[in-house]
Amino acid sequence: MKLKLEADLHTHTIASGHAFGTVKEMAEYAAIKNLKMIAITDHGLNMPGGPHEYYFYKLIELPRFIDGVEILRGVEANIIDEKGNLDMPENILENLDIVLAGFHSDTGYQLGSVDQNTRALIGAMQNPYVDIIAHPGNPKFPVDLEKIAHAAKMTGKVLEINNSSFTQSRPGSLPRCTELAKAAARLGNLVAINSDAHNCFEVGDVNKALEVARIAGLKKEQIINTSANLVKDFINKTRKRNKKIS
């Protein structure tokens with residue numbers, strides 16, 4: 001499968017506290033790599049060293065395009081309990097373009113059993129503002145991958161294949177992510193292949209994630225960020241918003 005992605009829907013700036021690029025730098029490198037769209041998805045409020053909620057209110061002031069690259073204003077929210085609640089208030093989520101949700105250490109969620117982790121992740125899928133489940137194959141927070149794929153299909157959420165999981169961030173992710181990708185291919189889930197870039201040089205770097213998608217047998221039409229228009233169609237149809245993305 002030869003794929004070209006038009007969008008990278010998971011990137012972090014210096015606002016996350018442990019990343020190194022500005023919004024402008026991330027956009028500049030996205031343009032160099034011929035991307036049409038990036039999502040700025042800095043970490044949610046409970047991330048140590050992360051942004052204050054004022055940061056998310058001010059995202060609306062970002063230009064919609066920088067260096068010809070469309071900018072989505074988003075967040076990677078933290079799941080904080082077994083019910084799948086997030087560390088972001090609804091009045092912020094409803095004004096963002098895109099919301100990722102996932103598990104992170106030291107953000108409030110106490111690591112549980114496979115059943116507890118699975119319930120928490122499925123609970124997050126019930127949130128109408130959540131679009132993408134971030135790095136669900138993380139072995140540090142093991143879940144029932146088959147149940148997660150079925151729940152994502154039922155709720156219309158996108159499952160992420162996260163390139164950073166295979167290069168530095170989450171050691172041991174490859175087997176579980178491959179298993180989940182195979183389940184997604186079989187069930188017809190929607191998937192996003194993202195960099196999880198924490199510096200501008202990593203924007204759009206998804207080669208290892210693309211290989212997982214190929215091995216799993218995912219079809220092009222299942223991968224929403226093969227087209228910037230597909231991304232916008234998806235988030236405009238599936239979320240309650242004050243204003244659609246044009």
Where GLU160 falls short, out of the listed (1) out of contact with any helix residue (DSSP H, G or I) (no Cβ under 7 Å at 6 or more places or on another chain); (2) part of a helix (DSSP H, G or I); (3) not hydrophobic (A, V, I, L, M, F, W, C): (2)
Counted residues, the stretch 84-119 - those being over 15 Å from GLY137 (Cα atoms), buried (at least 22 other Cβ atoms within 10 Å of the Cβ) and among the polar types (S, T, N, Q): 0
Total residues in the stretch 109-135, condition under 24 Å from ALA209 (Cβ atoms), in contact with a Gly (Cβ under 7 Å, 6 or more places away or on another chain) and not aliphatic (A, V, I, L, M): 1
Selection status of ASN117, in contact with a Pro (Cβ under 8 Å, 6 or more places away or on another chain) and at pLDDT 95 or above: yes
Exclusive hit being surrounded by fewer than 22 Cβ atoms within 10 Å (Cβ to Cβ), under 17 Å from the mean Cα position of the chain (by Cα) and without any contact (Cβ under 8 Å) to a residue 24 or more places away in the chain, set LYS244, LYS232: LYS232
Residue selected from the stretch 165-211 under the condition in a strand (DSSP E or B) and of a type in the set (Gly, Ala, Ser), by the criterion surrounded by the fewest Cβ atoms within 10 Å (Cβ to Cβ): ALA197
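So, of the residues in the stretch 122-148 that are buried (at least 24 other Cβ atoms within 10 Å of the Cβ) and touching a residue at least 40 places away in the same chain (Cβ under 8 Å), which turns out to be farthest from ASP196 (Cα to Cα)?
Here the residue is ALA124.
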Listing of strands (runs of 3 or more DSSP E) fully contained in the stretch 6-79 that carry 1 or more residues being free of Cβ contacts under 8 Å to residues at least 12 places away in the same chain and out of contact with any Leu (no Cβ under 9 Å at 6 or more places or on another chain): none
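Let me confirm something: among LYS208, LYS244, LYS240, which residue is among the basic types (Lys, Arg) and modelled with pLDDT of 95 or more?
Numbers: LYS244 fails: modelled with pLDDT of 95 or more; LYS240 fails: modelled with pLDDT of 95 or more.
Only one candidate qualifies: LYS208.
The values are calculated or read from the model by the stated rules, or taken from the named source; none is laboratory data. As the structure is a prediction and not an experimental result, all values here were calculated from the model. Reconstructed Cβ throughout: ideal geometry from the backbone, glycine too, with neighbour counts over all protein chains shown.
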